[in-house]
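**Student:** If you scroll down you'll find the structure; I have some questions about it.
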Amino acid sequence: MIFIDEFEHVFDEHLTPAQETPASRFCAGKAVNFASPDWLGSLNRRVINKDTSRPRMSHATVRVHTEPNGRNRRVARMPEVVTHRYNPEIGPYQNICSLPDSEASAIIDRLRSKYCSTLKANYLVRRRSAEQWLSITASVLLGRRVKHWPTYFFLGDFSHVEDRSRPSALVIPLSRLPQDALTFTLGDSMKIAEERMPRLFSLREIVDLFAEGEPVAGFGISDKSGAQARFIEMQLWDCAA
């Protein structure tokens, strides 16, 4: 693991090292200085596994937590990191929807021929439609206008499984990202956007879901034990100019 000493903003160019190896995992060493309650720590201290000999869980698991008043609650431990997968030939934080149709289509054709033959002909149209829904909904949810293309992350550590199209991984502590720039979907946002009643969640709402336990039970929170069919996606939004 490579540690980055300074972490002012997730898009700072110093997060991309000069020499990089596939499946590299990066961790920031300095927190962004923004006012925040200890929401993640307080949530996880309720359900932390004190048996350190056991391997890390790969799925959100519901456990019973007893409150001081004796009341039992079913909660799940929330991952403390997020993972951004990318191709080092292209670089991190890239979004194909930021490109003109001709350039985006050329990249998709190249990906289809080299890595993923199952990419459908209407992929770009579906992707742009999904991101339009994401940006409109995120603007309402966050209370400010956001750009039309976010950076995508997995909630949890998804740096282990080989991905030929995205062999590198950037792993960042969730608590060090700006709370007012994060949204979440319970699954792939492209598929969620095509549902009859798509739902986008704020950070606080996701925290509440883990506090409830059952809504996130069974979702993958790490790919250390293998690829996960179900995962929680996080979108990181930049402030609109």
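The values are calculated or read from the model by the stated rules, or taken from the named source; none is laboratory data. Computed from a predicted structure; not experimentally measured. A quick note on method: Cβ atoms are made from the backbone with ideal geometry, for glycine too, and the neighbour counts reach across all protein chains shown.
**Student:** Restricting the search to the stretch 161-195, which residues are basic (Lys, Arg), at pLDDT below 95 and more than 16 Å from residue 82 (Cα to Cα)?
**Tutor:** 164
**Student:** Would you tally the residues in the stretch 82-132 being acidic (Asp, Glu) and outside any helix (DSSP H, G or I)?
**Tutor:** Count: 1.
**Student:** Another question about this same structure. Select from the stretch 150-199 the residues that are in a loop (DSSP other than H, G, I, E, B), buried (at least 21 other Cβ atoms within 10 Å of the Cβ) and among the hydrophobic types (A, V, I, L, M, F, W, C) and write down the one among them that is farthest from the chain's Cα centre (by Cα).
**Tutor:** So the residue we want is 177.
**Student:** Here's another thing I want to ask about it. Across the stretch 137-149, what is the number of residues that are among the β-branched types (Val, Ile, Thr) and either part of a loop (DSSP other than H, G, I, E, B) or more than 15 Å from residue 198 (Cβ to Cβ) (or both)?
**Tutor:** So the count comes out to 1.
**Student:** Would you check which residues across the stretch 147-185 are within 23 Å of residue 127 (Cβ to Cβ) and free of Cβ contacts under 8 Å to residues at least 60 places away in the same chain and list them?
**Tutor:** Of everything in the stretch 147-185, those that are within 23 Å of residue 127 (Cβ to Cβ) and free of Cβ contacts under 8 Å to residues at least 60 places away in the same chain turn out to be 148, 149, 164, 181, 182, 183, 184, 185.
**Student:** Could you look through the stretch 101-136, keep only residues that are closer than 15 Å to residue 192 by Cα and hydroxyl-bearing (Ser, Thr, Tyr), and pick out the one that is surrounded by the fewest Cβ atoms within 10 Å (Cβ to Cβ)?
**Tutor:** The selected residue is 129.
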